[in-house]
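In what follows, a single structure is set out as structure tokens and then discussed.
The values are calculated or read from the model by the stated rules, or taken from the named source; none is laboratory data. Owing to the predicted nature of the structure, the values given are computational and were not obtained by experimental measurement. Cβ atoms come from the backbone with ideal geometry, glycine included; neighbour counts cover every protein chain shown. Surface accessibility is based on the protein's heavy atoms, side chains included, excluding ligands, DNA and RNA. Shrake-Rupley method; radii C 1.70, N 1.55, O 1.52, S 1.80 Å.
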Amino acid sequence: MTAFGGTLRLRIEQFAPALADPGTNLGRIARAQADAAADGVHLVVTPELSVTGYDVRDAVHSLAVVESPHPFPALADGPDVVVGAIERDAAFVPYNGMLHLRGGTVLHRHRKVYLPTYGMFDEARWFGAGQHVRAYDAGGGWRVGLLVCEDLWHPGLAWLLATHGANLLVVQSAAAGRGSWDGGVNGGRFASWDAWEHLARAAAIAYGVYVVLANRVGVEGPLCFAGGSMIVGPDGAVIARADDLAEDRITVDLTIDAVAAARRPYAHARDDDPHLMARELARVLADR
């Protein structure tokens, strides 16, 4: 429950949240915090909507918690934890939210910006869209950026976070498994995971950042979730991966030194010119 140091022990807790049952899920996350504390873990990351389950539909309003600094007292003990929850603002709009809690207090919140409305997804029907993407300090030289699922498919958001100084991108997802098993060519994984890995590794390599992707498992109605949570190093190497079908946890020690080492051969983040981007975006918008 303190600021991080130069070495950050991070754990992804990959599990299948119970649909529309926050009490059960909060109990599960609290137990994961206790286990993590015993293992010297500083930060536990859970999947998208880990407090409520994903396919909430009309229950979105009854499951929404009022935005507050201390939304989940049950998670006040133990290491920092990143949870996915439905938050309601003052105008009663529910958001697909991602909260970094330290001692039960919100250190930072991110609201999912891009709400998928293709295939089996219809999130824009239930949630408001977030309007901000900002990095924040977590101590020990760690500057963190949060993204939720579809947000990672829009590289401009990762770029914004890197431009804002992030060296650790934490992504929650409820990614469904698509495509047939590949017969073991790539480890017998869902075909859809290839794209996710490319996105995570590209962001890591381009900006010299860790990318932590916490996905869920299980089935809800027509949705079969793909597991496969991963941690990618700032050099773009996948350094840990969870099971594709079963609940799992992966734990890795991240270091600021590794970030520094990954940025020595390249200068992409240093050479980015956000002023140029702002000018050109203004021109593009004016031409629309």
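If you go through the range 31-47 and keep only what is more than 18 Å from residue 4 (Cβ to Cβ) and open to solvent by 30 Å² or more (accessible area, probe 1.4 Å), you end up with 31, 34, 35, 38.
Figure legend. Inter-residue proximity from the range 218-236: first residues more than 18 Å from residue 9 (Cα to Cα), second residues part of a strand (DSSP E or B) and of a type outside the set (A, V, I, L, M, F, W, C), beta-carbon distance below 9 Å, spacing 6+ or different chains. Indicated pairs: 227/14; 227/248; 228/14; 228/241. Within the range 256-280, residues that are in contact (Cβ under 8 Å) with a residue 60 or more places away in the chain have Cβ atoms under 6 Å from residues that are open to solvent by 50 Å² or more (accessible area, probe 1.4 Å) and part of a loop (DSSP other than H, G, I, E, B) in these pairs: 256/141, counting only partners at least 6 apart in sequence or on another chain.
Tell me which residues, restricted to the range 18-47, are more than 29 Å from residue 137 (Cα to Cα) and touching a residue at least 24 places away in the same chain (Cβ under 8 Å). Step through it out loud before you land on a result.
First, pick out the residues of the range 18-47 that are more than 29 Å from residue 137 (Cα to Cα): 18-21, 23-24.
Scanning the range 18-47 gives 18, 19, 20, 21.
If you filter the range 219-240 down to residues that are of a type outside the set (A, V, I, L, M, F, W, C) and surrounded by 21 or more Cβ atoms within 10 Å (Cβ to Cβ), you find that the one that is farthest from residue 259 (Cα to Cα) is 227.
Yes/no per residue for (1) among the β-branched types (Val, Ile, Thr); (2) crowded, with 21+ Cβ neighbours inside 10 Å; (3) touching a residue at least 12 places away in the same chain (Cβ under 8 Å):
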| site | (1), (2), (3) |
| --- | --- |
| 49 | no, yes, yes |
| 55 | no, no, yes |
| 67 | no, no, yes |
| 86 | yes, yes, yes |
| 90 | no, no, yes |
| 113 | yes, no, yes |
| 120 | no, no, yes |
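Scanning the range 128-145 for residues that are open to solvent by less than 20 Å² (accessible area, probe 1.4 Å) and either assigned to a loop (DSSP other than H, G, I, E, B) or within 29 Å of residue 57 (Cβ to Cβ) (or both) yields 128, 130, 135.
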